[in-house]
Amino acid sequence: MRKYLEQINSPEDIKNLDEEALQALAAELRAYVLDIVSQNGGHLASNLGVVELTLALHKVFDTSRDRIVWDVGHQTYVHKIITGRREAFKTLRQWQGLAGFPKREESCHDAYDTGHSSTSISAALGFAKARDLKGESHRVAAVIGDGSMTGGEAFEALNLAASLETDVLVILNDNHMSIAPNIGGMSDYLNRIRTSVLYNRSKLEIRKTLGKIPFIGGALVKGIERFKEGIKLIMIPGMVFTELGFSYYGPVDGHDIKALIENLEKLKDMKGPVLLHVLTRKGKGYLPAQKDACTYHGIAPFDLETGKICAAQPKTPTYTKAFSDTMVKIAEKDPRVLAITAAMSDGTGLGEFARRFPDRFIDVGIAEQTAVTLGTALALSGFKPVVSVYSTFLQRAYDQMIQDTAIQDAPVIFALDRAGLVGEDGPTHHGAFDLSYLRSIPGMAIMVPRDEQALQSMLWTACGHDQGPVAIRYPRGKAQGLSLSETPPLLEWGKGEILRHGKEALVLAVGPLIYEALAAAEQLANHGILVGVADARFVKPLDDSMILDLCSRYPLILTLEENVIAGGFGAAVMELLAARQQQTSRVYNLGLPDWFVPHGSQKKLLAGLGLDAQGIAHKITELLERDVSFNDRND
């Protein structure tokens with residue numbers, strides 16, 4: 001029975017709850033989050049860790065006017081539940097349901113849409129500066145995790161905060177256990193003193209008084225300050241933030257509601273940039289998640305009693321697993337091969353590589369720009385670095401790919417996991433743009449495997465390519481179930497492959513959608529429509545001779561890709577045909593639309609966008625009928 005949760009319809013409903021009631025509500029919220037995430041899947045460990053912090057923030061702040069920016073935003077489930085979305089939370093991450101990240105269109109309590117890390121302090125500073133310019137008085141806070149603090153934008157914002165001379169509160173949600181030694185009587189004592197308004201006022205008075213002493217006053221103040229700063233370096237963990245101009249407070253137990261509320265009340269109206277250091281534990285309240293926060297960071301539906309994932313583990317390996325196995329095999333034979341990732345060793349399948357070759361594995365943290373530049377220098381030094389990140393996150397290093405890697409023609413290999421539609425995480429995580437942003441870079445080669453065997457061959461081929469950077473993009477989820485070989489065939493550079501011959505139309509595609517195209521061709525063959533299918537394999541360089549030949553033999557060409565049409569594979573084909581003045585075929589592009597695709601299952605999204613077999617078959621039929629009608633009108 002939920003004694004308190006059923007009564008919470010807005011943040012106002014928790015304002016009058018006492019400490020005991022808030023603790024009971026925290027327990028109910030954890031149970032509710034566990035119930036829904038166990039059914040729908042989602043980000044679990046991080047949300048269980050911020051229950052008390054979220055309640056304290058809503059107890060102290062008024063998020064209908066105050067601005068709270070949640071970094072990444074995957075830890076906002078409790079925030080959503082207590083801001084009028086309790087019942088809608090049952091639709092979490094489902095098609096047309098509640099998003100797994102903050103969305104301004106969902107609620108006025110969501111100040112900023114987030115999904116990628118390290119952006120919250122920058123956004124909070126923007127809100128604070130806007131408030132000051134408009135003469136308003138609401139408060140602004142950013143909630144950022146210790147992992148996100150490794151991102152460059154977070155450091156940039158910390159550096160900017162003091163110079164803006166605006167009031168902003170940064171809450172460092174630290175769930176890394178190595179910080180534990182900083183907890184203790186001295187830290188609690190110093191924190192109680194430093195959060196006291198009286199103490200801060202006293203410091204100013206003492207400085208003024210000492211400064212008035214003739215001859216020695218100024219030197220005495222400076223000497224005391226130097227002595228004090230030296231002691232702080234030894235005893236206070238927040239010295240770095242202090243040096244950047246922040247008033248640092250903490251660390252505070254992030255599961256002590258009373259302490260959190262007391263500190264937030266004292267700090268909410270302090271002047272200038274303030275940082276509150278909060279210690280939380282991922283997976284708090286659910287033992288499996290506490291023991292294995294990595295697995296329960298983002299998890300599929302699972303059994304609450306046992307913690308086991310409900311769905312049977314697929315017998316078909318994923319593309320990530322194929323990449324993982326291939327990387328190990330290549331590294332065994334080539335000592336020059338290194339692996340670099342940005343805080344996602346397990347997500348990209350590099351866990352086994354890291355265990356087997358620890359000296360040749362580098363995790364740079366949430367710092368994709370560093371990953372690219374580091375990889376560039378390693379490549380220029382004779383190594384074969386493979387930079388493995390999710391497609392959506394590599395967008396953050398676009399400048400480095402141009403300025404560092406491409407201009408220097410460095411043979412860096414980019415392995416882009418989660419390319420295309422990723423499903424329930426939605427628009428901030430779809431790998432919808434990589435073909436477009438990579439294709440624009442001079443000297444960048446791009447390969448797209450249709451299955452795990454092609455991925456294996458492409459990776460081996462790329463590792464043997466010493467003439468500039470190469471990108472290989474592949475999707476999330478299971479592959480086609482094909483066996484991998486010890487010595488895969490290398491690809492002929494820049495050459496595609498014809499998989500099925502036809503007559504009326506041809507689908508020219510890249511990636512796993514080729515299998516949807518083959519299924520569509522089979523469907524159409526049952527109705528007497530003969531459709532060919534070709535795998536371009538290379539988006540750059542294109543197989544010009546194959547494409548031009550196909551366009552001369554087929555009256556209708558449909559390009560197919562799981563990337564935005566603008567600037568993607570289809571655009572490359574159209575550019576080729578225009579440059580060669582090829583006008584014998586009618587060419588149409590099918591891919592992701594010019595709008596941000598929402599969250600939902602991959603299967604549902606592909607079907608909704610007409611990118612499954614049925615949708616492709618329907619599109620070809622429609623185009624053939626349209627062309628017949630057009631020709632009839634012009635006869």
*Which ones in segment 568-589 are within 26 Å of the chain's Cα centre (by Cα) and either under 16 Å from residue 506 (Cβ atoms) or at pLDDT below 95 (or both)?*
569
_Search result, residues across segment 44-81 that are of a type in the set (Phe, Trp, Tyr) and part of a loop (DSSP other than H, G, I, E, B)_ = 61
*Tell me which of these residue 623 doesn't satisfy, since it passes every other one: (1) in contact with a Lys or Arg (Cβ under 9 Å, 6 or more places away or on another chain); (2) more than 25 Å from residue 495 (Cβ to Cβ); (3) in a loop (DSSP other than H, G, I, E, B).*
(3)
*If we scan segment 569-581, do we find a residue that is touching a residue at least 24 places away in the same chain (Cβ under 8 Å), of a type in the set (S, T, N, Q), over 28 Å from residue 391 (Cβ atoms) and out of contact with any Gly (no Cβ under 7 Å at 6 or more places or on another chain)?*
no
*Take segment 330-364 and flag every residue that is surrounded by 17 or more Cβ atoms within 10 Å (Cβ to Cβ) and either in contact with a Cys (Cβ under 7 Å, 6 or more places away or on another chain) or in a loop (DSSP other than H, G, I, E, B) (or both).*
330, 337, 342, 343, 344, 345, 347, 348, 349, 350, 357, 364
*asked:* Only one of 295, 306, 280, 316 is buried (at least 20 other Cβ atoms within 10 Å of the Cβ) and out of contact with any Cys (no Cβ under 6 Å at 6 or more places or on another chain). Can you tell me which?
replied: 280
_What are the pairs with Cβ atoms under 9 angstrom where one residue, in segment 142-165, is modelled with pLDDT of 95 or more and the other, located anywhere, is among the basic types (Lys, Arg) and part of a helix (DSSP H, G or I)? Sequence gap at least six, or different chains._
none
*Within segment 527-538, is there a residue that is in contact with a Pro (Cβ under 9 Å, 6 or more places away or on another chain), assigned to a loop (DSSP other than H, G, I, E, B), modelled with pLDDT of 95 or more and crowded, with 20+ Cβ neighbours inside 10 Å?*
yes
*Would you mind stating whether residue 36 is under 28 Å from residue 429 (Cβ atoms), β-branched (Val, Ile, Thr) and either surrounded by 24 or more Cβ atoms within 10 Å (Cβ to Cβ) or outside the structural domain of residue 264 (by TED's automatic domain parsing) (or both)?*
no
_Members of segment 291-320 found to be within 19 Å of residue 75 (Cα to Cα) and in contact (Cβ under 8 Å) with a residue 40 or more places away in the chain, listed by number_ = 293, 294, 296, 297, 298, 299, 300, 301, 302
_Going residue by residue through segment 288-311, is there one that turns out to be at negative phi, modelled with pLDDT under 85 and either of a type outside the set (A, V, I, L, M) or in a helix (DSSP H, G or I) (or both)?_
yes
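The values are calculated or read from the model by the stated rules, or taken from the named source; none is laboratory data. The structure presented is a predicted model; accordingly, all values stated were derived computationally and were not measured. Positions of Cβ are generated from backbone atoms using ideal geometry, with glycine treated the same way; all protein chains shown enter the neighbour counts.
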